[in-house]
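Below is one structure, written out as structure tokens; the observations come after it.
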Amino acid sequence: MATIYVDDRPYEVDPAKNLLEECLSKGLDLPYFCWHPALGSVGACRQCAVKQYRDENDQRGRIVMACMTPAMDGARISIRDKDAVQFRAGIIELLMSNHPHDCPVCDEGGECHLQDMTVMTGHNYRGYRFGKRTFTNQQLGPFINHEMNRCITCYRCVRYYRDYAGGKDLDAFASHNHVYFGRHEDGALENEFSGNLVEICPTGVFTDKTLKQHYTRKWDLQTAPSVCAHCSLGCNTIAGERYGQLRRILNRYNAQVNGYFLCDRGRFGYGFVNGDRRLRQPRLLQDGESRPVSGAEALKRTALLLGRQSRVIGIGSPRASVEANFALRTLVGSRNFFSGMAPGEEHLVARMLHVLRGAGVRTPSLCEVESADAVLVLGEDVTQTAPLLALAIRQAVKQAPRRQAMQLRIPRWDDAALNEVMQQQKGPLYIATPAGTRLDEAATQCFRGAPDDVARLGFAVARALDATAPPVRGLSREERAAVQAIAGALRKAERPVVVSGSGCGSEAVVDAAAQVARALGGAGTANLCFTAAECNSFGLGLLNAMGTAEAFQRVADGLVDTVVVLENDLYRRVGRASVEAMLASAHVVAIDHSATDTVAGAEVAFPSGTFAETEGTMVNNEGRAQRFYQVFVPQGEVKPAWSWLGELAQAAGRTELTGLRSPDDLLAALGRAVAAFEGLPERVAGASFRVNGEKVPRLSPRASGRTAVSANVNVHEPKPPEDPDSPLAFTMEGYPQQPPSPLITRFWAPGWNSVQSLNKFQAEVGGALAGGDPGMRLIEPVANGAAAYTDEIPPAFRRRAGEFLVVPLHHIFGSDEQSAVAPAVAQRSPGPYAALSPEDAQTLGVQDGEFVEIELDGGMFQLPALLMSSMTVGVLGVPVGIGSLRGVDLPARSRCRRV
Amino acid sequence: MLSMLRTIWTVLLHLFRRPITVQYPEEKPYLPPRYRGRIILSRDPDGDERCVGCYLCSAACPVDCIALQAGERPDGRRYPEFFRINFSRCIFCGLCEEACPTYAIQLTPDFELCDYNRQNLVYEKEDLLINGPGKYPGYNFYRVAGLAVSGKEKGASENEDKPVDVKSLLP
Amino acid sequence: MTDVLLQVAVILGVLNAPLILAALLIWLERRFLALLQDRYGPNRVGPLGLGIVLADMIKIFTKEDWVPPFADRAVFTLAPAVIVITGLMSVAVIPITETIGVTDLNIGLLFFLAMSSMGVYSVVLAGWASNNKYALLGGLRASAQMVSYEVFMGLSLMGVVLMAGSFSLRDIVAAQQDIWFIVPQFLGFVIFFIAGLAETHRLPFDLPEAEAELVAGFHSEYSGMKFGMFFVGEYVGVTVIAAMIVTLFFGGWMGPVLPGIVWFGLKLLFFILIFILLRAALPRPRFDQLMAFGWKVLLPLSLLNLVVTAGALLLWKA
């Protein structure tokens, strides 16, 4: 700890930080542009000027940039000094001299860092008489809008996009007053994290194009803390609604999970909430035709199907909340509750959970992955299945070289200097996957092989790390060299992390990753990171549901009268024939938010709410249980799934769900019923939670139009909706100050309208939120002691003539069921294909784009061939969730021929 | 005590003053152009809607009686997809006019807005939009904004230089 | 027989006159107040706007007569009646002319004082029964104010009683044959005038209903004809106080040329207009100022007045 004096008041600060960070941490307002807590300082914008004095006798002082000056013990600075104030005012006037007269038509207006800083600095009239510099804009794809005139050349965008996110196609062009940030030509920004430019850019150069379709100012959005539903990482988001539509997703800082950033799937994948595929009215299937009916009628019909004497089973869903799944489990009984995950995935999730709760491994948070200094990725295309994990790994790669650079006594925040020393050096990152990944460019070495070979590599690394692990025989010389290199790097590292998951569908790969983590030893260190397919896969896994396949078996055996399917499109899980057999031989009651094929075939369908219209808990890949809150009251007869289940039970005269009328009740019952969730209900801010006796408002105090929004329908305003299920209110009334961290509905502080106001919510800049980061880890290693190694090492993959191993290839845009229908994401989604190595293509005699036919699960699929040079020979990749190829358990062997 | 008597005397003398009341329906008072009465949306000198849907009026409105939705036309101009004022709530404070950055929303000296049915006091954009620039005849927002719209490319606004040639390194 | 009929007619006339007068006073007060404030006042309904009286009556009769569910129903209904009844009872003893008058009690003055004390019940009960904190505060203020000012009102009149040697109002008027009591009893008049204002809680002494701080004080919860009763009660009170001033200090019906009833009416109108003028001109004092003024100024003054009058009478008689 060091003491600095700001305007003659002493502050205790961390000498490893710079003055700007520390001033902001202490709540002092100091304007800045180019500095960002995640990007460090470069001293480009000259906005954070303060006056520094040599000692208390120094009267003159000198102007320094706070972001480039370490917070050394005894430093004396003045923010209010006349010269410093004048200097900052001069800088902002220069920055503004070319800024267009655009605020009314700029999407950033009202949450613009440049506006805030201009007001803070006191500049109001443009004194420069001459013309403004202008630029032409570029089309940057469906996500990002480009308006270059507004640029103030702080360089944050390229520093984030290139240095932080590893993007290649955004750069600074031209020179002096003409510096231009854009692509070399029009086209979509390729990087998967381009959406963060919206929040990184201090003004309106990069804005959210999906928001522009239904533009609403920040102050008018009804916002609530939410959790991203598009992958298993559970990034924290703030979802905003206006006029009954979800309008945008913003990042909600959580130092342990997503930090400052979101991936583009999470940010722009919300469109499905407003989509025309939404189910807004219960539907009944009569005479082969599905027609909308009232809730009462649907319930009456369902009551007959769910009666006491009826044999009912329930199929849960990895994309439904823990509460909804548990409500279904309670309704049908745990022996009649099936997970609803694809059988292969289900197996893998159980396996991963088993490993994570066993000895010798601990799963890191994303934040801990960022600080890892050696990473081994086994079998997972992280960028596509868990994008933000890839961003974290890209930061981990910088750890080792940065540590070296810091030995030159360069402070951690001095970004430009560190980059100069680090150049293109990368820390150890080894990737072993069946096909090439977007992360390969950052890797030290990549290994291509079929899933079994990837697993064998992992087992061999474990053996190299620990001689008591079982040996792997028959490795090639290159493989042995790679194993030695990987083992060496992992052994040398202080915080090594192994990343794997269900991405390539192989249990051996999961086991191999666990083996490496165990061999690394050091119980208690976070070293094994798994990803699963969906947002609540692990939460569902912890509920100990029965296998999906058994549900179909039971229906086939005629042991079931009625099946309740919860927010699950079964066609994505198992083969078409199985689902159709089930729909034909049992009464199917489907509850879902969208009209999926399962809903279309169900006898009765009830409309449930999406993540934005309900509240609940999801468990991410780290085992962190996180609550998402309802953002708005949906139109139509949409209700939360657990609410429909409660009404169904009541209508049918069943008592299982009596007394479980809210998510709080369900969570409390869950805490009692399932040991893994013990202690969670007490940690969650439930409906009765109040801050100073008040609810937390979802609307900002500036929210407008209350007396006119519905005036065209009826001039008498309706009563605002009440929320009995959460501590949030659907109005602007309530606790006016910063709420506790799990209930942050928006980032705003007086004078700080932009997302940069986040500084005011953190205990210290860049650190945890004040009051601690939300969420509770449910998975901790339960046993200590020696790790037990598995010796089930698969044999090496051997290709057979004319036959391929079909592996799933994931896509950030398109593979996730929910986000895939969002218009912006759909535009970036690839079409169906069959990816082949050029050698295989030659053998088959197909050219790129020609159709091949593969036989899978009894079905024939024709797909255009895609030649992929990074594809393992003998392996064929098909995209997950794209095209007609659904419900097939991969990897699987298949014959393939040219059409 | 004396001051009270003096007050009473002064008030009594007012008995002989001429009342200043204006006998309204027969006698119409003169209202200055900046009088704050019925709200209108004006058009710019080129005849296009001035409102760009920036939401500032609705944010400024203390009774929250303005609701709108911003949209963008294919030619790049922003416009309100709908614009609604609930005059049964309006208090004619004029803050919307002060907030408006494009002179689109203006208050007029027409104050005779009575109706027997409150529903009739909900005005939509069609009811609000007039065929003229109102009090500010010359102003066209898009001539000063940096946004490109059809008929005005980048760099064609007042006080703007031609767009930069990014590929040039000349000073 | 005719005597009896005549007597009944007189009684009805005298008792109805204040009610009609009260209605007219609505118009008078609004018009006069308006003129004092450089306005016209109600001038639209009927000639000179006199129709406003009728319109107001129709309005107040047809308004919903609502009793709040939380109020004490019986007392709530009773309270407005009390003020009108006591007001009319007071009217009974007032001698309009030598012959016209309901009754000539030999303790007429005491009866008037008793009745005006009774009036306080109306306000207190209304404030209590409304079960509303503003109404209760209004009721409390009213009771304090009226109980206090009653004391000086009674004492201030004792000079008059001493000089006339009677409590009968007719005798008092008769005693002013030579000189109106305003001359020897000027101090008594001033005190009675102020106390009368306070007793009827007219502006500037309308603290029990001070709308700026107590919403409407004791009658916050009242509506319809019950509210109307308070209104009528107030105007009856104004009329009664004005009539008492005329009777006690300004020689009642006496005057040259014109008949007694006209003189009485003119004097009455004059004082009513004075009441309205005061309303237009004077601001409301603070409640503590009102009480301090009563007990610290008016009480000693009225006692002084009594002692001096008694002394002077003793000297003169002796």
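The values are calculated or read from the model by the stated rules, or taken from the named source; none is laboratory data. Keep in mind the model is a prediction, meaning the values are calculated, not measured. Neighbour counts run over all protein chains shown; Cβ positions are idealised from the backbone, glycine included. Ligands, DNA and RNA are excluded from the accessible area calculation, which covers all protein heavy atoms including side chains. Shrake-Rupley method; radii C 1.70, N 1.55, O 1.52, S 1.80 Å.
Yes/no per residue for (1) touching a Lys or Arg at 6+ places or on another chain (Cβ under 8 Å); (2) in a loop (DSSP other than H, G, I, E, B):
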site	(1), (2)
A:Leu645	no, no
A:Gly653	yes, yes
A:Glu656	no, yes
A:Asp664	no, no
A:Ala676	no, no
A:Glu682	no, no
A:Phe689	no, yes
A:Arg702	no, yes
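The residue pairs whose first member lies in segment A:344-369 and is surrounded by fewer than 23 Cβ atoms within 10 Å (Cβ to Cβ), whose second member is part of a helix (DSSP H, G or I) and hydrophobic (A, V, I, L, M, F, W, C), and whose beta carbons are closer than 6 Å, counting only pairs six or more residues apart or on different chains, are A:Arg351/A:Val510.
Residues that are open to solvent by 50 Å² or more (accessible area, probe 1.4 Å), touching a residue at least 60 places away in the same chain (Cβ under 8 Å) and in a helix (DSSP H, G or I) within segment C:243-286 comprise C:Ile261, C:Arg279, listed in sequence order.
Take the residues of segment A:219-243 that are open to solvent by 10 Å² or more (accessible area, probe 1.4 Å) and at the interface with chain B (Cβ under 10 Å from one of its Cβ atoms): which is farthest from A:Leu758 (Cα to Cα)? So, considering only residues that are open to solvent by 10 Å² or more (accessible area, probe 1.4 Å) and at the interface with chain B (Cβ under 10 Å from one of its Cβ atoms), the one farthest from A:Leu758 (Cα to Cα) is A:Tyr243.
Can you tell me how many residues within segment A:153-193 are aromatic (Phe, Trp, Tyr), open to solvent by 20 Å² or more (accessible area, probe 1.4 Å) and away from chain B (no Cβ under 14 Å)? Total satisfying the criteria: 2. Does segment A:583-637 hold any residues that are aliphatic (A, V, I, L, M) and within 21 Å of the chain's Cα centre (by Cα), and which are they? Across segment A:583-637, the qualifying residues are A:Ala612, A:Met618, A:Val619, A:Ala625, A:Val631. Can A:Arg280 be described as farther than 23 Å from A:Cys228 by Cβ, basic (Lys, Arg), in contact with a strand residue (DSSP E or B) (Cβ under 9 Å, 6 or more places away or on another chain) and part of a helix (DSSP H, G or I)? The answer is no for A:Arg280.
Residues that are more than 13 Å from A:Leu331 (Cβ to Cβ) and touching a residue at least 40 places away in the same chain (Cβ under 8 Å) were ranked within segment A:650-672; the one that is surrounded by the fewest Cβ atoms within 10 Å (Cβ to Cβ) is A:Ser662. If you go through segment A:675-686 and keep only what is hydrophobic (A, V, I, L, M, F, W, C) and either open to solvent by less than 20 Å² (accessible area, probe 1.4 Å) or outside the structural domain of A:Trp748 (by TED's automatic domain parsing) (or both), you end up with A:Ala676, A:Phe677, A:Leu680, A:Ala685. Any residue in segment A:136-143 that is within 9 Å of chain B (Cβ to nearest Cβ) and either farther than 26 Å from A:Gly40 by Cβ or modelled with pLDDT of 95 or more (or both)? Taking every residue of segment A:136-143 in turn, at least one turns out to be within 9 Å of chain B (Cβ to nearest Cβ) and either farther than 26 Å from A:Gly40 by Cβ or modelled with pLDDT of 95 or more (or both). Comparison of B:Leu41, B:Leu2 shows that the only residue that is at pLDDT 95 or above and more than 9 Å from every other protein chain (Cβ to nearest Cβ) is B:Leu41.
Of the residues making up segment B:92-117, those that are of a type in the set (Gly, Ala, Ser) and assigned to a loop (DSSP other than H, G, I, E, B) are B:Gly94, B:Ala104.
Restricting A:Ala556, A:Ala586 to residues that are surrounded by fewer than 23 Cβ atoms within 10 Å (Cβ to Cβ) and out of contact with any Phe, Trp or Tyr (no Cβ under 9 Å at 6 or more places or on another chain) narrows the list to A:Ala556. Does any residue of segment B:72-89 turn out to be facing chain A (nearest Cβ under 9 Å), among the hydroxyl-bearing types (Ser, Thr, Tyr), without any contact (Cβ under 8 Å) to a residue 60 or more places away in the chain and open to solvent by 10 Å² or more (accessible area, probe 1.4 Å)? Among the residues of segment B:72-89, at least one is facing chain A (nearest Cβ under 9 Å), among the hydroxyl-bearing types (Ser, Thr, Tyr), without any contact (Cβ under 8 Å) to a residue 60 or more places away in the chain and open to solvent by 10 Å² or more (accessible area, probe 1.4 Å), which makes the answer yes.
So, in segment A:244-268, of the ones that are open to solvent by 10 Å² or more (accessible area, probe 1.4 Å) and of a type in the set (S, T, N, Q), which residue ends up farthest from the other protein chains (Cβ to nearest Cβ)? So the residue we want is A:Gln256. Just a yes or no: is a residue in segment A:754-769 in a loop (DSSP other than H, G, I, E, B), farther than 27 Å from A:Cys235 by Cβ and small (Gly, Ala, Ser)? Among the residues of segment A:754-769, not one is in a loop (DSSP other than H, G, I, E, B), farther than 27 Å from A:Cys235 by Cβ and small (Gly, Ala, Ser), which makes the answer no. For segment A:687-703, give me each residue that is within 14 Å of chain B (Cβ to nearest Cβ) and open to solvent by 50 Å² or more (accessible area, probe 1.4 Å). The answer is A:Pro701, A:Arg702. Are any of the residues in segment B:132-141 within 12 Å of chain A (Cβ to nearest Cβ), in contact with a helix residue (DSSP H, G or I) (Cβ under 9 Å, 6 or more places away or on another chain) and either open to solvent by less than 50 Å² (accessible area, probe 1.4 Å) or not in a loop (DSSP other than H, G, I, E, B) (or both)? Checked against the condition, which is being within 12 Å of chain A (Cβ to nearest Cβ), in contact with a helix residue (DSSP H, G or I) (Cβ under 9 Å, 6 or more places away or on another chain) and either open to solvent by less than 50 Å² (accessible area, probe 1.4 Å) or not in a loop (DSSP other than H, G, I, E, B) (or both), segment B:132-141 yields at least one hit. For segment A:119-135, the candidate set comprises residues that are crowded, with 18+ Cβ neighbours inside 10 Å and in a loop (DSSP other than H, G, I, E, B); within that set, the residue that is farthest from the other protein chains (Cβ to nearest Cβ) is A:His123. So which residues in segment B:44-61 are open to solvent by 20 Å² or more (accessible area, probe 1.4 Å) and either facing another protein chain (nearest Cβ under 10 Å) or small (Gly, Ala, Ser) (or both), if there are any at all? Selection gives B:Gly47, B:Leu56, B:Ala60. Of the residues making up segment B:107-131, just one is more than 12 Å from chain A (Cβ to nearest Cβ) and touching a helix residue (DSSP H, G or I) at 6+ places or on another chain (Cβ under 6 Å), namely B:Leu107. Quick one: in segment A:704-725, which of the residues that are among the aliphatic types (A, V, I, L, M) and facing another protein chain (nearest Cβ under 8 Å) is surrounded by the fewest Cβ atoms within 10 Å (Cβ to Cβ)? Residue satisfying both the conditions and the ranking: A:Val715. Being at pLDDT 90 or above and not hydroxyl-bearing (Ser, Thr, Tyr) is a property that A:Pro740 has. Criterion applied to A:Asn544, A:Asn527, A:Asn536 was being of a type outside the set (Ser, Thr, Tyr) and touching a Leu at 6+ places or on another chain (Cβ under 6 Å), and the one residue passing it is A:Asn527.
Answer yes or no: is there a residue in segment A:330-353 that is in contact with a helix residue (DSSP H, G or I) (Cβ under 9 Å, 6 or more places away or on another chain), of a type in the set (D, E, K, R) and under 18 Å from A:Trp642 (Cα atoms). Taking every residue of segment A:330-353 in turn, none turns out to be in contact with a helix residue (DSSP H, G or I) (Cβ under 9 Å, 6 or more places away or on another chain), of a type in the set (D, E, K, R) and under 18 Å from A:Trp642 (Cα atoms).
Residue selection: A:Val42 satisfies the criterion of being under 35 Å from the mean Cα position of the chain (by Cα), among the β-branched types (Val, Ile, Thr) and open to solvent by 20 Å² or more (accessible area, probe 1.4 Å).
Here A:Ala668 qualifies as in contact with a Pro (Cβ under 7 Å, 6 or more places away or on another chain), assigned by TED's automatic domain parsing to the domain that holds A:Gly623 and under 29 Å from A:Leu306 (Cα atoms).
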